[in-house]
Amino acid sequence: MPSACRGPNRARARTITEQFHAFDAQNPHVYRALERMTARRLAAGATRVGLKNLFEDLRRQLPYGVAGLNNSFSALYARRLLAAHPEWATAVELRRRRAA
């Protein structure tokens, strides 16, 4: 019996990056919130800001959470924040990515 996952017609799994871009396009408020939260923490004197911690704070702050906010997106949001705010480079740590 042939497997549903084999052959040229199988559905292609989306990469984390593709999932991130789709989520980000549908939820632009998430990036804006993370940007505000990062700026506030740095203004308050923080020397390090962890995106995973911001994710948890964001989940608590929004009335119904954020459906689809995958912890795997934290590295991609960190890179997006640093692209827009290179002055935050010493406060936001980037790690080598292992997945596309």
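Numbers below:
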| read-out | value |
| --- | --- |
| Protection proxy ranking of 39-47, 75-83 - average other beta-carbon atoms within 10 Å, highest first | 75-83, 39-47 |
| Residues listed by number, region 57-90, amide nitrogen under 19 Å from THR17 label point at 7 Å toward C-beta | 70-84 |
| 12 Å beta-carbon shell around LEU54, net charge (K/R +1, D/E -1) | +4 |
| Gain upon complete extension [LYS52, GLU87; 0.36 nm per residue less C-alpha separation] | 10.6 nm |
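No value in this document is a laboratory result; all are computed from the given coordinates. If you're wondering where the values come from, they're calculated on a predicted model, not measured in any experiment. Note: ideal-geometry Cβ built from the backbone for every residue, glycine included; neighbour counts use all protein chains shown.
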